[in-house]
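Q: Questions regarding the structure given below will be posed in turn.
Laboratory data are not the source of any read-out in this text; all were calculated from the coordinates shown. Just so we're clear, the structure is a prediction, and the values are computed from it rather than from any experiment. Please note: Cβ atoms are built from the backbone with ideal geometry, for glycine as well, and neighbour counts cover all protein chains shown.
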Amino acid sequence: MIFNERLKMLRTEKGLTQEEAAGTLNFNYRHYQRMEADGHLPNYKSLLQIAGFFDVSVDWLMGRTEKREINR
């Protein structure tokens, strides 16, 4: 699954542990861990929060495009 791979890549680019990323996003650690491990998908609000924090488009995060930038 693309989502979990890209989420992990973004986290490691920022030099964060899973626990740090979960804390920064105000997510339960286990929930965050599952998103990276098995592609457990977040709800829409959380997806927007993740995309905003990492400054990437939701479409890129979900594998709908290869363009990382947000259209503004």
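Q: Need the full-extension length gain, THR12 to GLN49, defined as separation in residues times 0.36 nm minus the C-alpha distance. One decimal, nm.
A: Details: separation 37, 0.36 × 37 = 13.32 nm, distance 1.74 nm.
Computed gain between THR12 and GLN49 is 11.6 nm.
Q: Toward the positive end of the charge dipole of the stretch 31-72, about the Cα centre and with charges on Cβ (Lys, Arg +1; Asp, Glu -1), which of TYR44, THR65, PHE54 goes farthest?
A: Highest projection toward the positive end goes to TYR44.
Q: Given DSSP loops and a limit of at most 11 other Cβ atoms within 10 Å, what is the longest stretch of the chain that contains no such GluC sites (Glu not before Pro)?
A: Numbers: sites that count: GLU66, GLU69.
The longest such stretch corresponds to 1-65.
Q: Would you please give the residues with an amide H less than 5 Å from that of THR65, counting only those at least 5 places away or on a separate chain, with H modeled from the backbone geometry?
A: Residues meeting the criterion, in which the H sits 1.01 Å from N, are TRP60.
Q: Output the 0 to 90 degree angle, nearest 10, between the alpha-carbon long axis of helix 44-54 and the longest principal axis computed from the alpha carbons of the chain.
A: Once rounded, one gets 80 degrees.
Q: Moving on to the next point. Under 13 Å between alpha carbons, and skipping anything fewer than 8 positions from LYS14 in its own chain: which aspartates and glutamates qualify?
A: ASP55
Q: Could you please tell me the mean projected area of the C-alpha convex hull for the chain, averaged over all directions and given in square nanometres to one decimal?
A: Details: hull surface 17.6 nm².
Result: a mean projected hull area of 4.4 nm².
Q: Give, in nm to one decimal, the length gained when the segment between GLU20 and GLU66 is fully stretched (0.36 nm per residue of separation minus the Cα-Cα distance).
A: Result: 13.9 nm gained on full extension.
Q: Report, in debye and to the nearest 20, how large the dipole of the chain comes out about its Cα centre when Lys and Arg carry +1 and Asp and Glu carry -1 on their Cβ. Present the calculation step by step, with values, prior to reporting the outcome.
A: Numbers: 11 positive and 10 negative charges, 31 e Å.
I would put it at about 160 debye.
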